[in-house]
Amino acid sequence: MSMTKYMHPRNIYKTPPNFKQLAIDYPDFRQHVKQELSGKVSIDFKNLEALRSLTCTLLKKDFGLDVQIPLNKLIPTIPLRLNYILWIEDLMEISIPINETRDIKGIDIGTGASCVYPLIAASKNKWHMLATEIDDNSIEFARNNVVANQLEVLIEGSDINLSLNVTFISNCNILVQKVTKDAFFDHITNEYDFVMCNPPFFASHQEVIFEFKSRKHSRPRPKNAFVAAPQEIVAHGGEVEFISRMIKESQTIQTKIKVYTTMIGHASSLAPLKKLLRDVDVVSFKQTEFCQGNTTRWGLAWTFCDIDLRKVPETTLAVQRKQKKENTSFQYQITNVPETVTLNDVHIKLQDIFTELEFDFRVKQTKILYSYDIEAKKNTWQHQRRKRRAAQRAGNSSNDSNESKSPSMDDSGIETLGNQNSPMNAGVERTTELIEQMKVKSPKKRELDDDEGYYNNKRFKTGAESDENPIVRRNLLLSAKISMFKDANNINIELSWNDGHGNRDVLHQILQYLKNNLKL
C-alpha cells in the first residue's frame, strides 16, 4: 500500500515527481527512463544507477544541490529524508523561543557519502551542521559534496580528526568531521539545538536478506534495489543497542544539545527505547511516523531541557484521522418536550443520575446552556441489570444460608443439614467445592468479556491482588464534558472527552445510560 498520502503535510513529494518532465529537463536522468505502452514514463527501481540518478536529480531540481554518490554506498531516498528534516523543523518551533532570533545548529551522526541531511538542512533552512562519519571513503565523498555546493565551514585548527572549536559564519554551513566508533558526543564542545541520526537497522547481515526478515512468505518483495556499506546498515545489537548507547551518552552531556532525535527502522524497537528514556529520566520525549512510498519509518526525540516535546503536533494523516475519529462527540436529542418542562428540570434529573453513578461533576450554567465536567474513578454505568440480578441473588443466598443454619430432624430423629459431621453434609460440601473449582477453571465467556466497560484495557500484572479491578487502580477512568441546551421543544445533549481523546465506546455507553434513565 502506498504511504504517500500520509507524508508530512509540508513534504513537496506528496505530489509524486513527474518522471516525464524530469527526463525532459535533465539529460542524465533521461537515459534511465522508459515509456510504457500506456504512455506512462517510469524507471527501473531495481537498477542502482537509475535510483542514484533519481536521487541526484531530485536534489538538483528541488534544492539546487550537485551531489555525487558511489554505487557501493547507501543511496538515500529523498522523500524520507525530507520527512525527517520537516519533523526537526517542528521540534525547533517549540524548543526555541519565538522572540529568540539566531542561527540553528545541528549534528548529523553518520552522515554517509551523500551527506544528504546536512546538505538539505543547509540549503533549505540555512542551518549550520556538523556532520560526523567513521568511514574514510564516505568522508571523502561527503566533503567533496559540501565543497561542490560551497557549503564548507571555517575551522580553527589544522587537524580535522581532533575535537575542534568550530566557528560558524553566515556563508559557511557544513563541517564534515571524522569520529571514532567508541563515542557519539565526545567531540562536542559547542552547544547545539538538535542532533539527528539514521542508525544501522540490523544486527547481522542475515537480517538484511528479505527471506530472513519477512514475516510471511506471501509478503511482497521490496520494489527498490538495495545497496549499502556494511557499517551503514549493520551494527552489533542492531538499532536498539546502537540507539541505547546514544541515549546513555546523551545523559552525560544533557543540555549541551537541546533535542536529541533518531530514525528507527522497526516498530518493535520503540518499546525498549522508550523504556530506557524513562529510566534515564528525560524531561520529555516524542515519537512520530515517517510515511513515504511503500515504507514506514519512525522518529524518536527526547530532551533534558525544559521543553515539552509532546506539544509537537502530529503531522501524518494517519494519526490525524485517528484523532479525528476519537474526537467525534456523541449527540442525543430529546424531541417533543412538553413546554412545562424547563431546562432546569432536566438539569435536576441529570444531577440525580450523576449522583447515582458516583460521578464527580462541576456545573457551569447560563440562561440557555448547562455544561458539566464529569469525572469517574470506576465504572458504574454498565451492566446495571446484571448487577441488580447479582445483588438479588446475593440477597436470596443470604436468606437461604440463614435458613440452612437451623438444624432439622428427619423422620428418624437424626439431624441432617444442621449436622456438620453427617455423611450427607460431607457429600454436599464436597460437591459444592468441586463446583466452585470448576467455576474458577472454566469461567463463562460472558464473565471473561466483562471488563467493566472499558474495552481494550490491558491488564498488567502488579503486586496487588490478582482479582483487583484494574480500572479502580487508575486515578481517573473518565473525564468528559456534557453540554445541554433547549432548542424549541427539543433538549439537546452532547458528550465529548475533555482532552479530545478517549475510548468512544465509553461515551456511547454513558449516552445509552442517559437515554434509558432520563425520562421526561
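Readers should treat all values here as calculations from the given coordinates under stated rules, not as data from a laboratory. The shown structure was predicted, so the numbers you read here are calculated from the model rather than taken from an experiment. We place every Cβ from the backbone using ideal geometry, glycine too, and count neighbours over all the protein chains shown.
A few comments on the model shown:
- Remark: the GLU241-ARG386 segment gains 47.1 nm on full extension, using 0.36 nm per residue and subtracting the alpha carbon distance.
- Here the simple spin-label model places points 7 Å from the Cα toward Cβ, and for GLN331 and SER483 these points are separated by 1.0 nm.
- As a calculated quantity, the FRET efficiency between LEU518 and SER268 at R0 = 60 Å, using C-beta atoms, amounts to about 0.80.
- For the pair ASN144 and ARG504, a Förster radius of 60 Å applied to the C-beta separation gives a FRET efficiency near 0.60, rounded to the nearest 0.05.
- Exposure proxy order (Cβ contacts within 10 Å, fewest to most) of TYR6, TYR26: TYR26, TYR6
- Highest-first packing order for the peptide set 355-364, 185-194, 334-343 is 185-194, 355-364, 334-343, based on the mean count of other beta carbon atoms within 10 Å.
- For ALA131, distant residues with modelled amide H under 5 Å away: ASP108, LEU175, VAL176, GLN177
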